[in-house]
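K.L.:
Okay, handing you the structure first.
The values are calculated or read from the model by the stated rules, or taken from the named source; none is laboratory data. All figures in this text were calculated on a predicted structure; none of them were measured in a lab. Here the Cβ positions follow ideal geometry from the backbone for every residue, glycine too, while neighbour counts run over all protein chains shown. Heavy atoms of the whole protein, side chains included, go into the accessibility calculation; ligands, DNA and RNA do not. Shrake-Rupley method; radii C 1.70, N 1.55, O 1.52, S 1.80 Å.
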Amino acid sequence: MNITLRQLRAFCDVAQTGSFTLAARRMLLTQSAVSMLVRQLETEFGLALFDRVKRRAQLTETGRQLLPIAERMLGDLREVVDGAADLRALRRGTLRLAVPQMLACSWLPPVLARYRSLYPQIAVTVTDTTADRVVETVRQGEAEIGIGPERPAPDTVQSDLLWQERMQCVCPASSPLAQRAQIDWADVADADWILYSDTFSGHLERTVWAGMSVHLPRTTQVRYLPTALALVGQGMGVTAAPGYAEPFGRLFGTVFVDIANPVMLRSFLLYTKKGYDLSPAAQAFRELAEQSRA
């Protein structure tokens, strides 16, 4: 069966007006075109929908039974069209983000506040997770956009650079290192280390400690950066963290110190599913995210 929306609309308009002529005016068609659409629909159904009586179109019993169904179908279509228009105009929709916990507490709030002021009717869901889980959250479709430090990504996930952040050494406020404007990696090669990311720890071992023959015999492993900062504040060791975490580090009695030789820059990326178009809500947030570090 090959029924078109124009046929259904012609049926409903003729039924509502009782006239092929008036229905034609509604649809901006000729009377013959409307008559043809109704005849085509009757042929598809194998049923007569109208009795033509003295220039009037009167519904048959079958037509009366089918009219509410056709009107409901056209109403549902109007809701779909209106819904698409609302999504396009950002009058409705949902933004689903995956962001590392510390980034969600520092970089994200002002960006999200700006987004909410522009698009107050968009619902927002933030998955605040570990940096190592951002890519997987996007891959599994739990978030449409992920923002976080550079991590290995499968072929199904697209990554685009947003900004680069200098990594700093985080030490207890009571440490002599806290009084210095800058230190070298060699100054903390023998320190106890608090590690909070398997991927980042592996990166440090390959790029920094390997050249100094450091094997980190004394380490404490945690999952989240705030936990690492709290342990550093208790004098249990040092860690490395991006500069945006410094305001939180002060709450735990830690000091962020520039670290050089080499200077380490961490890339922060925007992750999306490759080959998938972003929803209007996600695309609008992406544009704000790209502006936030420009």
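K.L.:
Provide the packing ranking of 68-79, 92-103, i.e. peptides ordered by the mean count of other C-beta atoms within 10 Å per residue, highest first.
P.N.:
In decreasing order of mean packing, 68-79, 92-103 become 92-103, 68-79.
K.L.:
What FRET efficiency do you get for residue 287 and residue 40 if R0 is 45 Å and r is their Cβ-Cβ distance, rounded to the nearest 0.05?
P.N.:
On the way: r = 46 Å, r/R0 = 1.03.
That pair, residue 287 with residue 40, gives E of 0.45.
K.L.:
Distance from a point 7 Å along Cα→Cβ of residue 244 to each backbone N in region 78-122: keep the residues under 16 Å and list them by number.
P.N.:
Only 97-115 pass the distance filter.
K.L.:
With r as the distance between the Cβ atoms of residue 173 and residue 126 and R0 = 45 Å, compute the FRET efficiency 1/(1 + (r/R0)^6) and round to 0.05.
P.N.:
After rounding, the FRET efficiency stands at 0.90.
K.L.:
Per DSSP H run of at least 4 residues, take -39500 (n - 2.57); add these up for the chain, divide by its residues and hand me the 222 nm value, nearest 500 deg cm²/dmol. Don't skip to the end; give the middle numbers.
P.N.:
Numbers: 11 runs with 122 residues, N = 294.
Result for the chain: -12500 deg cm²/dmol, rounded to the nearest 500.
K.L.:
Assuming R0 = 25 Å, can you tell me the calculated FRET efficiency for the pair residue 30 and residue 69, based on Cβ-Cβ distance, to the nearest 0.05?
P.N.:
0.40
K.L.:
On to the next question. With all protein chains present and a 1.4 Å probe, how do 4, 129 order by accessible area, largest first?
P.N.:
4, 129
K.L.:
A further question follows. Please compute the net charge surrounding residue 67, taking Lys and Arg as +1 and Asp and Glu as -1 over other residues with Cβ under 13 Å from its Cβ.
P.N.:
Net charge in that neighbourhood comes out at 0.
K.L.:
What's the extension gain from residue 156 to residue 142 if we count 0.36 nm per residue and subtract their Cα-Cα distance?
P.N.:
Extra length from residue 156 to residue 142 when fully extended: 3.6 nm.
K.L.:
Taking 0.36 nm per residue of sequence separation and subtracting the Cα-Cα distance, how much length would be gained by fully extending the chain between residue 219 and residue 207, in nm to one decimal? Can you show the working numbers first?
P.N.:
Working: separation 12, 0.36 × 12 = 4.32 nm, distance 1.78 nm.
Going from the current span to full extension adds 2.5 nm.
K.L.:
If you line up the long axis of helix 108-118 against the longest principal axis of the chain, both from Cα atoms, how many degrees apart are they, to the nearest 10?
P.N.:
30 degrees
K.L.:
Testing the spin-label approximation: label points 7 Å from Cα along Cα→Cβ at residue 54 and residue 189. State their distance in nm.
P.N.:
10.8 nm
K.L.:
Right, here's the next one. Can you pull the one-decimal nm distance between simple spin-label points at residue 62 and residue 22, each 7 Å off the Cα toward Cβ?
P.N.:
That separation, rounded to one decimal, is 2.5 nm.
K.L.:
Solvent-accessible area of residue 105, probe 1.4 Å, all protein chains present, reported in Å² to the nearest ten, please.
P.N.:
Approximately 70 Å² for this residue.
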